[in-house]
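Step one of this worksheet: look at the structure below.
The values are calculated or read from the model by the stated rules, or taken from the named source; none is laboratory data. Note that the structure is predicted; figures quoted are calculated from it, not measured. Please note: Cβ atoms are built from the backbone with ideal geometry, for glycine as well, and neighbour counts cover all protein chains shown.
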Amino acid sequence: MTNPVTNCNYLYDTQAAEFYIVLRAHIHNVTGDRWGKRTSQSVTIVEWGDKGMVGAACGVVYPGWFSLDLIWVEEGYRGQGVGDILLDKVEKEAVRLGAHSVYVWTQDFEAPDFYVKHGYTEFVELKEFLKGHQLIGLRKRLTPEAPQF
């Protein structure tokens, strides 16, 4: 068997992020027939203020699950409940799009306590993900129909 690959590109940063979007769309088109519908839907919530973006939350809804990729609040707006509002809105939108549960990855120096405060429970900890730090996986049931963890 011959190798069909004739060229290989390595993409980083902005190019990698842009191609990721293109690749996701391609996968949706290819796998949609197998599942009878799209298998995932990206969602982003952005809060704006007088001086620009205040914060944002984004992730991907899969059949049943929402993968919360990130929540960001600009430094001058932290501690004012913006993260709480973003999390609430993005979770509700995920449920509307078909999610019964959510999971998120965070590091010990980021926001694990924020998620725990909102009802998330830890399901895994990867020690020394970065030297001296842990990567923590947290999850939460969003609907009564969600499977028990």
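The residue that is modelled with the lowest pLDDT, counting only those in segment 18-72 that are hydroxyl-bearing (S, T, Y) and not in a loop (DSSP other than H, G, I, E, B), is T31.
Residues that are in contact with a Phe, Trp or Tyr (Cβ under 9 Å, 6 or more places away or on another chain) and of a type in the set (S, T, Y): does segment 77-92 have at least one? Steps first, please.
Taking segment 77-92 first, the residues in contact with a Phe, Trp or Tyr (Cβ under 9 Å, 6 or more places away or on another chain) are 83-84, 86-87, 90-91.
Adding the requirement that they be of a type in the set (S, T, Y) leaves none.
Within segment 77-92, not a single residue is in contact with a Phe, Trp or Tyr (Cβ under 9 Å, 6 or more places away or on another chain) and of a type in the set (S, T, Y).
The set of residues from segment 107-149 being surrounded by 14 or more Cβ atoms within 10 Å (Cβ to Cβ), more than 16 Å from the chain's Cα centre (by Cα) and in a helix (DSSP H, G or I) comprises just one member, V116.
Can you name the residue in segment 80-106 that is in contact with a strand residue (DSSP E or B) (Cβ under 9 Å, 6 or more places away or on another chain) and assigned to a loop (DSSP other than H, G, I, E, B) and, of all such residues, is surrounded by the fewest Cβ atoms within 10 Å (Cβ to Cβ)? Only one residue fits best here, namely Q80.
Suppose we keep only residues that are surrounded by 10 or more Cβ atoms within 10 Å (Cβ to Cβ) and either assigned to a helix (DSSP H, G or I) or modelled with pLDDT under 80 (or both) within segment 1-17. Which one would you say is farthest from the chain's Cα centre (by Cα)? Give the steps one after another, and end with the answer.
Kept after step one, since they are surrounded by 10 or more Cβ atoms within 10 Å (Cβ to Cβ), are these residues of segment 1-17: 11, 15-17.
Still in the running and either assigned to a helix (DSSP H, G or I) or modelled with pLDDT under 80 (or both): 15-17.
Numbers: Q15: 20, A16: 17, A17: 14 Å.
Ranking the qualifying residues of segment 1-17, first place goes to Q15.
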